[in-house]
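**Student:** Take this structure first; my questions come after.
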Amino acid sequence: MRLPCLRPHPFLLALALGCTRAEETTPLPEVPAPETPPVLSAARCVYFKDLRPFLPRELQGYALSRDEGSTGKYGEVVMSEAERAFTRPGQQMVVRIVDTTLVGRLSKSIRAAADEADRHEAEETASLRMAETVGFVRYDPSEERAEANLLVGGRYVVAVTGLGFEGTHEVKAVAGGLDLEGLSRLR
């Protein structure tokens, strides 16, 4: 059986080719393209191996249990992160450095949390302010979880998380021992 030769409808063919006569079409109003925030290229995020020197090589009394890192693009988001985890019986300390195109949103959140901590003198939360660094520490006694979240040089997010602790002293000490000034100069 032979199939008939299909011919496109002349008007559809003309539309596809953009060859319609003016009287056959009504011009459509110009619709502006939706505004999208500018996205940094992957080259603008520091490669994770360049973040690693700013992580602690060791923590006294702890064993290194994990050393990871990655750089990638996930849709419109570019992220580079380096992380080291240290453990000892009943406790874990994790230090992570992140460089991302979402730093604008993250920096607003960290600054807001630090400002909120300044306004409320709670034992569980306190602001941290150092040269080129703003952040906060928080403690959850029900989970024995302490964390410090820092914005360094307006770009890098440093998170120090401790599990199995009775306060924020240890995470503050680890965060204070990092080369945050050197990290703030990294480009």
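**Student:** Through the Karplus equation 6.51 cos²θ - 1.76 cosθ + 1.60, θ set to phi - 60°, convert the phi angles of the range 107-113 into ³J(HN,Hα) values in whole Hz; use x for Gly and Pro.
**Tutor:** Along the range 107-113, the couplings run 5, 4, 5, 5, 4, 5, 5 Hz.
**Student:** How would you rank 150-162, 107-119, 63-75, 166-178, highest first, on the average number of other Cβ atoms within 10 Å across their residues? Mind showing how you got there, number by number?
**Tutor:** Numbers: 150-162: 21.8, 107-119: 15.0, 63-75: 12.3, 166-178: 17.4.
Result, highest mean Cβ count within 10 Å first: 150-162, 166-178, 107-119, 63-75.
**Student:** Give me the percent relative contact order of the range 42-185, please, defined on Cα pairs under 8 angstrom at least 6 residues apart.
**Tutor:** Details: 316 pairs, mean separation 28.2, N = 144.
For the range 42-185, the relative contact order is 20 percent.
**Student:** Applying the Karplus parametrisation 6.51 cos²θ - 1.76 cosθ + 1.60 with θ = phi - 60° to the phi angles of the range 148-153, what ³J(HN,Hα) value in whole Hz is obtained for each residue in order, glycine and proline being reported as x?
**Tutor:** Calculated HN-Hα couplings, in order: 10, 10, 10, 9, 10, x Hz.
**Student:** In vacuo Debye scattering of the range 45-184, one point per C-alpha: log10 I(q)/I(0) at q = 0.12, 0.16, 0.21 Å⁻¹?
**Tutor:** The calculated log intensity ratios at q = 0.12, 0.16, 0.21 Å⁻¹ are -0.46, -0.82, -1.32.
**Student:** Please state the relative contact order of the range 132-187 as a whole percent: Cα pairs under 8 Å, 6+ residues apart? Present the calculation step by step, with values, prior to reporting the outcome.
**Tutor:** Numbers: 102 pairs, mean separation 18.8, N = 56.
Relative contact order here is 34 percent.
Laboratory data are not the source of any read-out in this text; all were calculated from the coordinates shown. Quick caveat, the model's predicted, so the values are computed rather than measured. Note: ideal-geometry Cβ built from the backbone for every residue, glycine included; neighbour counts use all protein chains shown.
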